[in-house]
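Heads up, the thing below is written out as structure tokens.
The values are calculated or read from the model by the stated rules, or taken from the named source; none is laboratory data. Quick caveat: nothing in here was measured; it's all calculated off a predicted structure. All Cβ positions, glycine included, derive from the backbone under ideal geometry; neighbour counts span all protein chains shown.
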Amino acid sequence: MEFIILGLLLFKPMTVYEIRMYVQRNLTTICSDSLGSIQIAIKKLLNKGYIVTNEYVERGLTKKRHAITALGVNQFKSWAGSPINIAKMTNMEESKFYFLGTASKEKRISFIKSYIASLKEQQNKLIAIKEFTKANEDTAIRMNLERISNEKQINDNLVVVSEERDLKAIFRNTYAYQIYLLEYGLNRTKSDIAFYEKILKLEMEK
């Protein structure tokens, strides 16, 4: 969660609410969108000096907006592009399947049907996100370039991390890999659905 927040703040300062809304719309298949987990990560980042908090007043309410620091930029740069640690890519929920054979046939069938339904729901969500992202890519890049045109610090941060001086290219690359991840998620979900439908068929035939 900490590096996801750093990645978001690399592009613009955000409130906790804005971070949560972004995660809910785009990253729920990757990380939790709970307010608690985001606040815990924010506290850790503040303690490490990776971000700073600025208060502002909007409609009579005092709000806090978080921004990435130079130390945070360097930390994110070290993390971005580093090899994936396969050992950490685990899902404790899958341990239920490991022991599912101990449950009754009725429960096993119910479990698998429910999981297939959840996978299909996730698949539809990923398809919608991918279609929206692809359809709005050019507009989003143009708007982001306009938004940061006078934000020297954001420009400098993006150049430091990417080692690319063409800001348009930075946004193009960012969107490309977001699409790649969505395609990976869709392919994996499609494969999972096929696998569990096969197991369900075997259960039903017993």
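Do any residues in region 59-70 that are assigned by TED's automatic domain parsing to the domain that holds F11 have Cβ atoms under 9 Å from those of residues that are crowded, with 17+ Cβ neighbours inside 10 Å and in a strand (DSSP E or B), where the two are at least six apart or on different chains, and which pairs are they?
Within 9 Å, the pairs are R65/M14; H66/M14; H66/I51; A67/M14; A67/I51; I68/I51; T69/I51.
Pick out the one residue from I154, I116 that is in contact (Cβ under 8 Å) with a residue 12 or more places away in the chain, among the hydrophobic types (A, V, I, L, M, F, W, C) and over 30 Å from A67 (Cα atoms).
Checking each option against the conditions leaves just I116.
For region 165-185, enumerate the residues that are buried (at least 16 other Cβ atoms within 10 Å of the Cβ) and of a type in the set (S, T, Y).
T174, Y175
Taking region 32-58 as the region of interest, how many residues are in contact (Cβ under 8 Å) with a residue 40 or more places away in the chain and in contact with a helix residue (DSSP H, G or I) (Cβ under 9 Å, 6 or more places away or on another chain)?
Total meeting the criteria: 5.
Among the residues of region 186-199, is there at least one that is acidic (D, E), exposed (fewer than 12 other Cβ atoms within 10 Å of the Cβ) and more than 19 Å from L9 (Cβ to Cβ)?
No.
Return the residues of region 23-71 that are part of a loop (DSSP other than H, G, I, E, B) and basic (K, R); say none if nothing qualifies.
R59
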